[in-house]
1. Quick check on segment A:26-40. Is at least one of its residues more than 14 Å from chain C (Cβ to nearest Cβ) and either in contact with a strand residue (DSSP E or B) (Cβ under 6 Å, 6 or more places away or on another chain) or polar (S, T, N, Q) (or both)?
2. State whether the residues of segment A:132-145 include one that is modelled with pLDDT under 95, open to solvent by 10 Å² or more (accessible area, probe 1.4 Å) and more than 14 Å from chain C (Cβ to nearest Cβ).
3. Open to solvent by less than 30 Å² (accessible area, probe 1.4 Å), hydroxyl-bearing (Ser, Thr, Tyr) and out of contact with any Leu (no Cβ under 9 Å at 6 or more places or on another chain): does that describe C:Ser275?
4. Could you please let me know if C:Phe218 is more than 24 Å from the chain's Cα centre (by Cα) and either closer than 18 Å to C:Ala53 by Cβ or at pLDDT below 95 (or both)?
5. Across segment B:40-51, what is the total count of residues that are touching a Pro at 6+ places or on another chain (Cβ under 9 Å) and either within 27 Å of A:Ala9 (Cβ to Cβ) or surrounded by 24 or more Cβ atoms within 10 Å (Cβ to Cβ) (or both)?
6. Quick check: is even one residue across segment C:6-16 within 12 Å of chain B (Cβ to nearest Cβ) and of a type in the set (Gly, Ala, Ser)?
7. Name every residue in segment B:157-171 that is away from every other protein chain (no Cβ under 12 Å) and in a loop (DSSP other than H, G, I, E, B), in order of residue number.
8. Going by the conditions given, is A:Ala226 without any contact (Cβ under 8 Å) to a residue 12 or more places away in the chain and hydrophobic (A, V, I, L, M, F, W, C)?
Amino acid sequence: VSRRDPAPAIYFLSDYGTADEFVGVVHAVLHRRAPGVPVIDLSHRIPPYDVAAGSAMLARCAPDLGAGVVLAVVDPGVGTDRRAVAVRVGGGGTDPAVPTAARPTWLVGPDNGLLAEAVAVLGGATGAIELGPVRPAPPGGPGPQRVAGRGPTFDGRDVLAPAAAHLALGGDPHLLGAPVDPLALVTEPAGRSLPEVRLLSTPGGTEVVTTVTAVDRFGNVQLALATRILDEVGLRPGGTAEVAVVHGPGRAVPVRRVVAFAELAEGELGLLIDSSGWPALVFDRASAAQALGLG
Amino acid sequence: VSRRDPAPAIYFLSDYGTADEFVGVVHAVLHRRAPGVPVIDLSHRIPPYDVAAGSAMLARCAPDLGAGVVLAVVDPGVGTDRRAVAVRVGGGGTDPAVPTAARPTWLVGPDNGLLAEAVAVLGGATGAIELGPVRPAPPGGPGPQRVAGRGPTFDGRDVLAPAAAHLALGGDPHLLGAPVDPLALVTEPAGRSLPEVRLLSTPGGTEVVTTVTAVDRFGNVQLALATRILDEVGLRPGGTAEVAVVHGPGRAVPVRRVVAFAELAEGELGLLIDSSGWPALVFDRASAAQALGLG
Amino acid sequence: VSRRDPAPAIYFLSDYGTADEFVGVVHAVLHRRAPGVPVIDLSHRIPPYDVAAGSAMLARCAPDLGAGVVLAVVDPGVGTDRRAVAVRVGGGGTDPAVPTAARPTWLVGPDNGLLAEAVAVLGGATGAIELGPVRPAPPGGPGPQRVAGRGPTFDGRDVLAPAAAHLALGGDPHLLGAPVDPLALVTEPAGRSLPEVRLLSTPGGTEVVTTVTAVDRFGNVQLALATRILDEVGLRPGGTAEVAVVHGPGRAVPVRRVVAFAELAEGELGLLIDSSGWPALVFDRASAAQALGLG
């Protein structure tokens, strides 16, 4: 494999948005503690508190991430006794062509299910550390810090970024806290009801119900449906079926499985395997989500 | 010239938006393939599919870009047989004070007109490569790749970023695909009807019709009008005329040519040469676009 | 102190937004003039022209910034005779645990009050330079430049970024312009009327009127109220009072002082010391600003 694999990076995802200073301040902390380590922003526009959406996005990104540390913050429980953790991965990953050394080694975030899907994509957890109690100033050292007079509501800055920087530099994880059993980590975000979509009139006659994982900027609607299910119900490229949004306003809409957006006529709904490898409902140059009354 | 000119950078523009993970994933690919090469985001909020807006923005940026590679993705035809190309530039540029070595050498993107205006600003194309057929995994190597099971809808990640990284490292362009005649490149984005503006009652009496190139965050309305035309119709700083939006809701509005925003009274419409060197309709600390019913 | 302190960075804040190319072009200029110096974006979504909001955000960021230069641009007076300045700081700072060498040394921006609060947080001004008259091309050299044919409306690109790059490289500040008396700098942004909030029925019986400094993405409402005032009126954690927005639509609402969001019941308004050390009105996982009819 001729791919050059780089020095580690920190891959950063959050629900901080871009209107406030939160993302910039975390970058400042990372730069001060791990100068020279590139920080790559995945997205900071996860809807506020939406752990499930963050988890799904992180899983979509995971196959493309290189060596280093994932820092993820969607943390409605900040300030409670929910744990902050660093999870070590190092398994096979989904793409056997990518050597293990070229993948992230640690994921750092709240233990609320946010990391779980990406951990699975990256081969599963081989260890975990509970990030230790926050120490007061003086700042410095590997672990969390809290400057006197500031509230405990910004663990991204005070706890998670210092830990990510420490791990990105190859620091000893045991300086960050005590080991915890990876099997005891939260595996699923607390309940969020995802919109459901029903696939009807498939060539094989089988009806399939699935959930919507994501709606992107272009209005493409990603479904939580293994591609092989499409084969099992006979819906191959060129084949047709119908789609209905459960509890949605509209009736069943014809859909055709295609490979590229441009195969679709104007106003025709398509189902294609998207760039993450999941089936998605799409229009050509228009929003399927809007047409279906979703997000 | 005492300007220090740097190692190459990759200058990245797209219509990916910032709510999804697309920009972050492209950064991850660039970092893995060209570690240490800075990636500078120009903007990712080109309106979806709006090749003309992307082309105009890229042209506005071009005079300020340094050595390296431009990566531009506004690509409604992804997945069709539209070509992906790398275009080599190396001519004189518009600013003779900037040595050629300090300018971008390659522009990478879909061959749909997106690159054309910037290519012209950077001195014209001196060569082009059609980015070769996408190879399946194993990943690595200079060119495009597609991981098994993922759809062909994200050429920014799979085709264009790998090519940009390869060129930024000084790699052999012929490893990316076959040469194509630069004269055969698409020179204009497929039709988008830009709003038209009419300039009336000029000092010289001549009427001028032009189009709107861009509306910025502050509501300034940039016009596709060479500055010398203003001189030809006698509209020099201090002079006045009227402006009407063609097919717009309102009537002709008085306008005064100024040099700085602050010369304008509250509610007074101005025409100034903007920071890109184009005439723009402006208010002082208010949105001209809103007042004129544009954008 | 074991914190590694890095090579200098440039910390960049503006009201340029992210839809246009302005931020990207400034990054390009910084990269060309100070290659290898990291540029950290604090935020570019300060409301257009809102110097007071920019000033407050910069002050909130200041304690977390490392060595280097702050570049701040919220500049409604661009093109007028308002000064552009570089302000040197080097005093004690608010956090005695952070050595002076690990703090920003210069702040660069318009002299309109934007820098004043951050200058104070960073220990006060010990010197200032008025950025000299803009020279025409040829570009290069330490100071401002203007390419022929472009208007004087983008000092971020033409004046402030070149100065920030020069200072970040340790260049001689006197090459940028003449010294000015730091005591003559503008200390307060020109008037913006901030929403006012009244704190009633405090345990101590005293009524307090304060202003809203910021509303963040989560709807948390930061107040310009020293924490010790809360102690003085007897409002300690667990204590209750009432809140009313002056000139607001609603009536006084009960509020309870808490330490973490999660102590609050659904729909219960809390007052907590936020991550910047200021009191803020909050809900748990909902927008206090929306409930109170603010921003």
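1. First pass over segment A:26-40, keeping only residues more than 14 Å from chain C (Cβ to nearest Cβ): none.
Checking segment A:26-40: not a single residue is more than 14 Å from chain C (Cβ to nearest Cβ) and either in contact with a strand residue (DSSP E or B) (Cβ under 6 Å, 6 or more places away or on another chain) or polar (S, T, N, Q) (or both).
2. yes
3. Working: open to solvent by less than 30 Å² (accessible area, probe 1.4 Å): yes; hydroxyl-bearing (Ser, Thr, Tyr): yes; out of contact with any Leu (no Cβ under 9 Å at 6 or more places or on another chain): yes.
So C:Ser275 fits the description; yes.
4. No.
5. So the first thing to find is which residues in segment B:40-51 are touching a Pro at 6+ places or on another chain (Cβ under 9 Å), and the list is B:48-51.
Those left that are additionally either within 27 Å of A:Ala9 (Cβ to Cβ) or surrounded by 24 or more Cβ atoms within 10 Å (Cβ to Cβ) (or both): B:51.
Result for segment B:40-51: 1.
6. yes
7. Once the filter is applied, which keeps residues that are away from every other protein chain (no Cβ under 12 Å) and in a loop (DSSP other than H, G, I, E, B), segment B:157-171 yields only B:Gly170.
8. Details: without any contact (Cβ under 8 Å) to a residue 12 or more places away in the chain: yes; hydrophobic (A, V, I, L, M, F, W, C): yes.
Spelling it out, A:Ala226 is indeed without any contact (Cβ under 8 Å) to a residue 12 or more places away in the chain and hydrophobic (A, V, I, L, M, F, W, C).
The values are calculated or read from the model by the stated rules, or taken from the named source; none is laboratory data. Since this is a predicted model, take the numbers as computed values, not measurements. Here Cβ is always computed from backbone atoms with ideal geometry, including for glycine, and neighbour counts include all displayed protein chains. The area values use the complete protein model at the heavy-atom level, side chains included, leaving out ligands, DNA and RNA. Shrake-Rupley method; radii C 1.70, N 1.55, O 1.52, S 1.80 Å.
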